[in-house]
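Laboratory data are not the source of any read-out in this text; all were calculated from the coordinates shown. None of the values given here were measured: they were computed from a predicted structure. Cβ: placed from backbone, ideal geometry, glycine included. Neighbour counts: every protein chain shown.
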Amino acid sequence: MIELRTPAEIEQMRPAGRFVASVIEAMLAKAAVGVNLLELDALAHEMIRKAGAESCYIDYHPSFGASPFGKVLCTSVNDAVLHGLPRDYRLRDGDLLSVDFAASVDGWVSDSAASIVVGTPREEDLRLIDTTRRALDAGIAAATVGNRIGDISAAIAEIARAEGYSINTDFGGHGVGRTMHGDPHVPNDGRARRGLPLKPGLVVAIEPWFLETTDRIFTDPDGWTLRSADGSRGAHSEHTIAVTEDGPIVLTARD
């Protein structure tokens, strides 16, 4: 069921968005050569505790997950792009790290993700990350009253294809509200002027993610981490936004 939020409810969602943004910022600042992925997860866990927030991940067990996730942060490195289960791994020079985080504050959820290169970057990685960011911006710009879900999807896909990336639509954006994942699904490819009409009060996470040379993925033996089928690297950008009469509001905007 798709729920539309009142202007007052959207205001109530802002603290969750600000908190999630602060955690993403902290993860990007902390990530460095030699930092363990479990250290990042521990920092996110401590920030949740101090804020009186609730993790959306730790007990999360959808049909595609092998078991409850058990951590509060997704950390995907290099050929991993989504649902990266934090493990005992120290970041190395040149690693492409994607962090994804969702939490509930006062009963409202926000969800966001970002990618960076730790240490010395490869030009190919910077281009991939930049493409996800520009695709996210394009998707947000299309999230206006009178447009449709397909307009968001088509805007994302146009940016990706212009850079030569293929697109996987198994996982994409989604509704956000009292829970982390709800309707509607927001794929990263689609046809403009098709799909659900965008109305004031719709709150969704828009999340372009692309792989360098493939659109095929497989699940790691940990039962969660999604990796590219050919070993190429992936990047991921995500914001939670609200559709309003005055244009989209990015609830997880970072400073």
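The table for this structure:
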| item | result |
| --- | --- |
| Highest-fluctuation residue, L82, L211, L38 considered, GNM on the chain with Cα pairs under 10 Å | L38 |
| Inter-site label distance for E163 and S67 at 7 Å from Cα along Cβ, in nm | 3.6 |
| Point-to-point label distance, D93-R194, nm (Cα→Cβ direction, 7 Å offset) | 4.8 |
| Extension gain, D222 back to R127 (0.36 nm per residue minus Cα-Cα distance, nm) | 31.3 nm |
| Convex hull volume per residue for segment 131-186, taking Cα atoms only, in Å³ | 84 |
| D183/A42 FRET efficiency (R0 41 Å; Cβ-Cβ; nearest 0.05) | 0.75 |
| Inter-label distance for A51 and E25, nm, one decimal - labels placed 7 Å from Cα along Cα-to-Cβ | 1.1 |
| Most positive-pole-ward Cα, T75, S55, V33, against dipole of segment 1-79 from beta carbon charges | V33 |
